[in-house]
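So the structure is just underneath, and the comments pick up after that.
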Amino acid sequence: MAGKVRCQKCGAGYMTKDLSGNVRTACPVCRAPIAVPENAGVAAAADRATPTVQQAPIAETPKRGWAPQPASAPVAASARTTSGMQQVPGPITVSTNCKPPSGLCNHAGFRLDASKTFPWGPPSEIGEVISADSNVPLSGPPSHLIPWLIGGGIWFATYLVFGEGLPLMLEGKGDPNVIRAMAAGLGLVAGLLALAWLWPQSPHCTFVGKTGAAYVIGKWSRTNPSECQLMLFRDTTVLFTATTHFYKNFIYQCTRFRFDWHNEQNKPPALRIAGEHTFKDELPEPDHLFHFALRVERLWTQYLTAQLGSELSADRLLVFPCRANDFTELMLGLAHKNDIREIRLSQNQLQFVYNDRVEPLAIRDLGSFQAHRGVLKFQQDDVSWFSRQGKFRLDYQHLGNAQAFLYYLSLAIAAQYK
């Protein structure tokens, strides 16, 4: 009989029917190793074709390429991006109904299982594929009838309770027709909200290659993708990330994230990965879009640091651009007001560039640096507690290439103690 194994570190549980005995695998939530009892894998052979438990991470990257079934389908540039995304001239060619190479992992590092299919393959521009993922099930597209039935049922129930039941409770008080009209409107709003909440997510495929990343989005009723965002490392200049926790009555609700890669800072992003999850202090499930964003961010930071080198000098300035607040952040109070336009970093000095001035801060005079709750704070040594001079504050989401900045800042601080 298939049993259930529980992670001793985080408490997550999953079925062991797809695992053979005496196997050590990794918890999909916290990555901690889990020992599976010897008698837990009796049913493994029968169900191995459609596993439901994530496989352990595979270290090696497969060398074989993708296997497209029909001919390639070019996607026009006008259909490649949504509103607000940067338009890149020329079509991108993607293959349809592709089969990933054996042993390929998803963006969280777990081997792809047989329950997913890839209606579109990776663009050739991103090079050899390192990781990929898809939300398209092998069983076919999800049902669109169920959300309509649930939405209609909510509308009917709301109308029945308030439109027909409330006049009986009022015993002739008030106009029944007005009450019925209001109940129908309330039911319509509730039904539409339920329909929007339950509507199936658009099919998408995500790919990370050695030279870039691609985010292919389509529609369930169409063969060709409706959007293909393509980011190449050699063309990208800056990455801005934003992660916000939302609370209601001091109770955590969700976390929303957004990763924007720009070829030019003042233009729309070439690649945007955005979404939300409900894991405040942990990573979401391995097939979540958040892992795609983290994987691309990690590879982009590695590429950028390789291009800039691993050494700092006193006569070399590294420039990290900063973005201004947008209207939503100021209205909803999601970020502090930012007046810094860029930060320049050398081995011995930090320079904070504003619209009308440049304020330097020597690394040897840096009294404290804090990176806490999405805010970076720099404070000069021996500065007065009441003074604003020598104090700099910047939200993490406003700093471009923030991971690379923290890396080079650590090198500059370490150089002062050699």
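Rule-based calculations on the coordinates, nothing more; no lab input. What you see is a predicted model, and the numbers here were worked out from it, not measured in a lab. Cβ atoms come from the backbone with ideal geometry, glycine included; neighbour counts cover every protein chain shown.
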In terms of modelled amide H atoms, which long-range or inter-chain residues lie less than 5 Å from the amide H of LEU318? LEU345, SER346
Give me, ordered by chain and number, the residues 5 or more places off HIS107 or on other chains with an amide H under 5 Å from its own placed amide H. ALA132
Calculate one ³J(HN,Hα) per residue across region 195-208 by plugging θ = phi - 60° into the Karplus curve 6.51 cos²θ - 1.76 cosθ + 1.60, and present them in order as whole Hz with x for glycine and proline. 5, 5, 6, 8, 5, x, 5, 4, x, 8, 10, 10, 9, 10
So what are region 145-198's ellipsoid semi-axes, whole angstrom, largest first, if each one is the square root of 5 times an eigenvalue of the alpha-carbon gyration tensor? 25, 9, 6
At the level of C-alpha centres, the distance separating region 364-418 and region 208-257, in angstrom, is 29 Å
Region 123-258: C-alpha gyration tensor shape, a/c 1.5 cut-off, then a/b vs b/c: prolate
Convex hull of region 318-415 built on C-alpha atoms - directionally averaged projected area, nm²: 6.5 nm²
Above-threshold pairs, the threshold being 22 Å between Cα atoms, out of LYS248/LYS377; LYS337/LYS377; LYS116/LYS219; LYS99/LYS219; LYS267/LYS391: LYS248/LYS377; LYS267/LYS391
Among TYR396, TYR252, TYR247, which comes first, then next, by fewest other beta-carbon atoms within 10 Å? TYR247, TYR252, TYR396
Subtract the Cα-Cα distance of ARG341 and LYS219 from 0.36 nm times their separation in residues, and report this length gain in nm to one decimal. 40.0 nm
Residue exposure sequence - PHE207, PHE259 - by fewest surrounding Cβ within 10 Å: PHE259, PHE207
Peptide ranges 404-414, 191-201 listed from the most packed, as the mean C-beta count within 10 angstrom indicates: 404-414, 191-201
Mind listing the phi-derived Karplus ³J(HN,Hα) values for region 230-238, rounded to whole Hz, using 6.51, -1.76 and 1.60 with θ = phi - 60°, and x for any glycine or proline? 10, 10, 10, 4, 5, 9, 7, 10, 8
Other-chain or far-sequence residues with amide H under 5 Å of TRP120's (modelled H): ASN97, CYS98
Proxy reagent accessibility, fewest Cβ within 10 Å first, across ILE340, ILE179, ILE146: ILE146, ILE179, ILE340
Show me, for region 150-165, the HN-Hα J-couplings you get by feeding each phi into the Karplus relation (A = 6.51, B = -1.76, C = 1.60, θ = phi - 60°), rounded to Hz, glycine and proline as x. 5, x, x, x, 5, 4, 5, 5, 5, 5, 5, 6, 8, x, 9, x
Taking only C-alpha pairs under 8 Å that are 6+ residues apart, what is the relative contact order of region 318-415 in percent? 25 percent
